[in-house]
Amino acid sequence: MVRLRLDLGYDGADFSGWARQPGRRTVQGELEDALGTILRLGDAVSLTVAGRTDAGVHARGQVAHVDLPEASFDELVRDPRPASVDERLPALLRRLAGVLPPDVRVHRVSVAPEGFDARFSALSRRYVYRVQDAPGGVDPLRRGEIVWHLRPLDLDAMIAGAAHLLGEHDFAAFCKKREGATTIRELQRLDWVRTAEGVLEATVVADAFCHSMVRALVGCLLAVGDGRRPREWPARVLAGAVRDSGVHVAPAHGLCLEEVGYPPPAELAARAAATRRVRTLTQ
């Protein structure tokens, strides 16, 4: 078996999220079907992803891995001369470009280093959320990636509110609870900037995220930015450790997974082992 790393991106508008679901169009489903067709493996292909994005969320820097029989790569070359897996990967990349729909692209395929796990070896995930408060709305050519906010937003207020959320906390107030899953996360960065075009961009980085966490954080800070809530409110919500009805999850299409960070190859296996351990808060 050979483990491949896939670096990819997708427009999430027409997908029901990453994870394969019966009767629904998903990114995982499209990729697994494409690989199964190209390598003649049928439904025996199973991808592991760095971050399982929700319906409507985009990705520019998603990472996944897949374990495949080395013999399956024989389907990629007609030349009878022996060729390594590395030598056959450019052919796989070209075939994927021809088979996949245009709203999902694999940018790079490589043999994964020993110990690599797309999910558990990751050190961080970086998302960017884009929102605009211009009275006339969003540029029509960017409406699929920028959310229009009806009220004017105070950048300084959102920056101040975000400062209370940094660090390792139980983010239960911003997560959809899943049985047996921890909601303890380390929020490493939450910055807001306004671009020259007037788009407000929130860069959010954590070691990992729980379900709906980024969009809930953004929704909380938008309420601070438009004056509906005070700057101290995000800290109070966090301390409550339960979902607050005042926190509205921001629309999916403003969110994009930009990058997944990994340690050097020699540290991949150790990182994966550490991530698998159940996390508790340190006092």
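Values in this text are rule-based calculations from the coordinates and carry no lab data. Just so you know, these numbers come straight off a predicted model, no measurement behind them. Because the Cβ atoms are built from the backbone with ideal geometry, glycine has one as well, and the counts that use them run over all protein chains shown.
R0 = 30 Å: FRET efficiency of GLU70 with GLN21, Cβ-based, nearest 0.05?
Efficiency, from the Cβ-Cβ distance: 0.50.
Taking +1 at the Cβ of each Lys and Arg and -1 at the Cβ of each Asp and Glu, which of MET213, ALA97, TYR262 sits farthest along the dipole of the chain towards its positive end, judged by Cα position relative to the Cα centre?
MET213
Tell me whether the chain comes out rounded, prolate or oblate; compute the Cα gyration tensor, take square roots of the eigenvalues as a ≥ b ≥ c, and use a/c under 1.5 as the rounded threshold.
Prolate, since a/c reaches 1.5 and a/b exceeds b/c.
Looking at the chain, send over the antiparallel percent of its DSSP beta bridges, to the nearest 5.
In the chain, DSSP labels about 90 percent of beta bridges as antiparallel.
Among 238-247, 51-60, how do they line up by average Cβ neighbours within 10 Å per residue, starting with the highest?
Packing proxy ranking, top to bottom: 51-60, 238-247.
Please state the charge dipole magnitude for the range 124-261, taken about the Cα centre, from unit charges on C-beta atoms (+1 on K and R, -1 on D and E), reported in debye and rounded to the nearest 20.
400 debye
Calculate the dipole size of the chain relative to its Cα centre from +1 charges on Lys and Arg beta carbons and -1 charges on Asp and Glu beta carbons; express the result in debye to the nearest 20.
500 debye
Run the numbers for ALA266 and GLU114: contour at 0.36 nm per residue of separation, minus the present Cα-Cα distance, in nm.
53.9 nm
Report the label-to-label distance for HIS107 and LEU141 in nanometres (one decimal), using points 7 Å from each Cα along the Cα→Cβ vector.
Inter-label distance under the simple model: 2.1 nm.
Taking the simple approach of a point 7 Å from Cα along Cα-to-Cβ for both THR182 and GLU259, what is their distance in nm?
2.6 nm
Select from ARG94, ARG119, ARG108 the residue whose mean-square fluctuation is largest in a Gaussian network model of the chain (Cα-Cα springs shorter than 10 Å).
Of the options given, ARG94 has the highest mean-square fluctuation.
Can you list the GluC sites (Glu not before Pro) in the range 28-120 that are in a DSSP coil and have 13 or fewer other beta carbons within 10 angstrom?
The qualifying sites are GLU114.
Could you calculate the contour length gain from ASP33 to SER46, that is, 0.36 nm times the residue separation minus the distance between their Cα atoms, to one decimal place in nm?
3.7 nm
Can you give the calculated 222 nm mean residue ellipticity of the chain, where each DSSP H run of n ≥ 4 adds -39,500 (n - 2.57) and the sum is split over every residue, rounded to the nearest 500 deg cm²/dmol?
-7000 deg cm²/dmol, from helical runs alone.
Between THR203 and MET1, what's the calculated FRET efficiency when r is the beta-carbon distance and R0 is 51 Å? Round to 0.05.
The value I calculate is 0.85.
So which GluC sites (Glu not before Pro) in the range 180-266 pass both tests, a DSSP loop state and at most 13 other Cβ atoms within 10 Å of the Cβ?
GLU197, GLU232
Assuming R0 = 30 Å, what is the FRET efficiency of ALA196 and ASP14, from their Cβ-Cβ distance, to the nearest 0.05?
The formula returns an efficiency of 0.50 here.
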